[in-house]
Structure formats: C-alpha cells, structure tokens
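Structure record follows, encoded as structure tokens.
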Amino acid sequence: MRDDSTDTIRLTELFFARDEEALRETARLYEPLCMHIALNILADRQDAEECVNDTWLRAWNAIPPARPAVLRAFLGRITRNLSLSMLRGRTR
C-alpha cells in the first residue's frame, strides 16, 4: 500500500504550483477510488465518468486555498457529493 500522506503532500504542492501534472497524477492514483464511489451511487458508467472528471475540476479550483490533510478523502467527498447531486437531478 502506498503512503497516502506522501502523495497528498506531493500532489498538493503541484496543485499550489498550478502544475497540470497534478491532474494527471491525481487521476492516475485516485481514479479507481472515485469511479468506485460514483458507480456505486449512480450505477451508470457514463454518469460516473462525468462525475469523476468534474471531481478533478473541483479539486483544481479548490486547491489552493484548501490544503487537504488527506487527498484521498478530499477527492472521495467531492465525488460522492457530485454523484449524489446528479442522482437527485435524475429523480426530479
């Protein structure tokens, strides 16, 4: 298992530097987790992919000023909230 705190620090610094490598590395490391969360809520691959892509945009816009202590939890929460919003929009 990788050291999540090391990834969080390294990726947060890339986000603060506005380095697009942050998005590539974040997707590489956390896309499986975020897809799992989104698919469990939405049960639709296309909608889940949209939520995961929106997660990267939200993270890019939130860091800085946010400096998450655990990036895995930060991204998971964004994905969950986006997925739930999409699910609510479907049922209206």
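Taking the Cα centre of the chain as the origin, how large is its charge dipole in debye, to the nearest 20, when only Lys and Arg (+1) and Asp and Glu (-1) carry charge on their Cβ atoms? Working shown, then result.
On the way: 14 positive and 14 negative charges, 87 e Å.
With Lys and Arg at +1 and Asp and Glu at -1, about 420 debye.
Select from R67, R24, R58 the residue whose mean-square fluctuation is largest in a Gaussian network model of the chain (Cα-Cα springs shorter than 10 Å).
R24
Fully extended, how many nm does the chain gain between N53 and A73 (0.36 nm per residue separation, minus their Cα-Cα distance)? Show your work: numbers first, answer last.
Values: separation 20, 0.36 × 20 = 7.20 nm, distance 1.65 nm.
Length difference between fully extended and current span is 5.6 nm.
Can you give the relative contact order of the range 20-92 as a percent, counting alpha carbon pairs under 8 Å and 6+ residues apart?
Relative CO of the range 20-92 lands at 40 percent.
Averaged per residue, what accessible area in Å² does the chain show with a 1.4 Å probe, protein chains only?
61 Å²
Determine, for each peptide in 27-33, 16-22, the mean count of other beta carbons within 10 angstrom over its residues, then list the peptides with the highest first. Please report the intermediate quantities before stating the final value.
Numbers: 27-33: 14.9, 16-22: 12.7.
By packing density, highest mean first, the sequence is 27-33, 16-22.
Which residues in the range 50-82 have a backbone N closer than 19 Å to a point placed 7 Å from the Cα of T6 along the Cα-to-Cβ line?
69-73
With everything on Cα atoms, drop me the angle between helix 4-16 and the longest principal axis of the chain, reported from 0 to 90° to the nearest 10.
In the chain, helix 4-16 runs at an angle near 90 degrees to the longest axis.
Rounded to the nearest percent, how much of the accessible area of the chain (1.4 Å probe, protein heavy atoms only) is carbon and sulfur?
53 percent
The values are calculated or read from the model by the stated rules, or taken from the named source; none is laboratory data. It should be emphasised that the depicted structure is a prediction, and the values quoted were computed from it without experimental measurement. In this analysis, Cβ positions are derived from the backbone assuming ideal geometry, glycine residues included, and neighbour counts consider all displayed protein chains. Just so you know, the surface numbers come from the protein's heavy atoms only, side chains and all, with ligands and any DNA or RNA stripped out. Shrake-Rupley method; radii C 1.70, N 1.55, O 1.52, S 1.80 Å.
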